[in-house]
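Everything below concerns the one structure shown next.
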Amino acid sequence: MRQPGSTFKPVVYLCAMENGYTPSSIIRDAPLVVNQGGGLPPWRPMNYSNRFYGPTTLRVGLEQSRNLVAARLAMELGMDKVADCANRLGVFDDMPRYPAYSLGAGETTLLRLTNAYAMLVNGGKSITPTLIDRIQDRYGKTLYRHDQRPCPECRTEAWGEQPVPEIPDIREEATDPASAYQVVSMMEGVVQRGTGKVVSGVGKPLAGKTGTTNDARDAWFVGFAPDLAVGVFIGFD
């Protein structure tokens, strides 16, 4: 369990897309002070550059990984909505409502975060990660199958010019396809123009997000092509 840092931000932006924002919506990149109560000091998030950039579109905010844009956006949405989105994507089981979680202060695993990104590029459909897809005995009988979709027409002795079987899509929606598409488009910009530009050297359509925690003790890149999602973590405590 490690802090995902800025790789959590796409969850905040997805929440915004679900609630009527667009990639061209404007958020102020300006000083933000949040009272944490209980004798705790105020929370004062800062950008990595220690600068403020003024009115910023959500697209640029994600591409350049602006902390103040993501934090202020989360405060406008309300942490309850951000937590609901994070829980639906499986990043957390029950995310606490602390504002710092909008910048990735919570702890999750590389598998959970990569699986959440895969749901985005999967059109918002839920995915259950697996290490074993199928187990058969020595006679070919299936003892375990990860894919539980029913397909009785798939079991036939021979082809008699019957049509190709139609397999029902029984996956639940973690988010709506339009919101997922918007976030995927914004994450393409991260690779084309933003903090993940070095990854564009792979030379195929890619999208993703970089993330680091304080003093770079955790460094992440999670991203995807149309056919593959990959998460990379480097830790140095």
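Figures for the structure shown
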item	result
Proximal aspartates and glutamates relative to Lys9, as straight alpha-carbon distance under 16 Å, when same-chain residues fewer than 8 apart are discounted	Glu18, Asp29, Glu63, Glu76, Asp80, Asp84, Glu107, Glu188, Asp218
P(r) histogram, all alpha-carbon pairs of the stretch 137-218 included - 5 Å bins from 0, percent	3, 10, 11, 11, 11, 11, 10, 11, 11, 7, 3, 1, 0
Restricting the stretch 100-152 to trypsin sites (Lys or Arg not before Pro) in coil, as DSSP defines it, with at most 15 other Cβ within 10 Å	Arg138, Lys141
Volume in Å³ per residue [convex hull over Cα atoms, computed for the stretch 60-178]	159 Å³
Val34 paired with Asp137, simple spin-label distance in nm, labels 7 Å along Cα-to-beta-carbon	5.6 nm
Distance from the stretch 203-234 to the stretch 152-192 (C-alpha centre basis), Å	24 Å
Rounded, prolate or oblate (a/c below 1.5 giving rounded, otherwise prolate when a/b exceeds b/c) for the stretch 1-101 by Cα gyration tensor	oblate
Ordering of 209-217, 193-201 by burial proxy (mean other Cβ atoms within 10 Å per residue, highest first)	209-217, 193-201
1.4 Å probe accessible area per residue over the chain, in Å²	57 Å²
Candidate residues Trp43, Trp159: accessible-area rank, largest first, probe 1.4 Å	Trp159, Trp43
Tilt relative to the chain, helix 79-88 - C-alpha long axis, 0 to 90 degrees, to 10	20 degrees
Anisotropy class of the stretch 49-129 from Cα gyration tensor, a/c 1.5 cut	prolate
With every protein chain in place, the stretch 47-108: carbon and sulfur % of accessible area (1.4 Å)	48 percent
Label-point separation, Met75 to Glu172 (7 Å along Cα→Cβ), nm	3.3 nm
Fraction of accessible area attributable to carbon and sulfur, the stretch 111-158 (%, probe 1.4 Å)	52 percent
Leu131, Leu32, ranked by accessible area, largest first (probe 1.4 Å)	Leu131, Leu32
Along each principal axis, Cα extent of the chain, largest first, Å	69, 35, 33
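The values are calculated or read from the model by the stated rules, or taken from the named source; none is laboratory data. Computed from a prediction, not measured in an experiment: that's the story for all the values here. Cβ atoms come from the backbone with ideal geometry, glycine included; neighbour counts cover every protein chain shown. Just the protein is used for accessible areas: all its heavy atoms, side chains included, with ligands, DNA and RNA removed. Shrake-Rupley method; radii C 1.70, N 1.55, O 1.52, S 1.80 Å.
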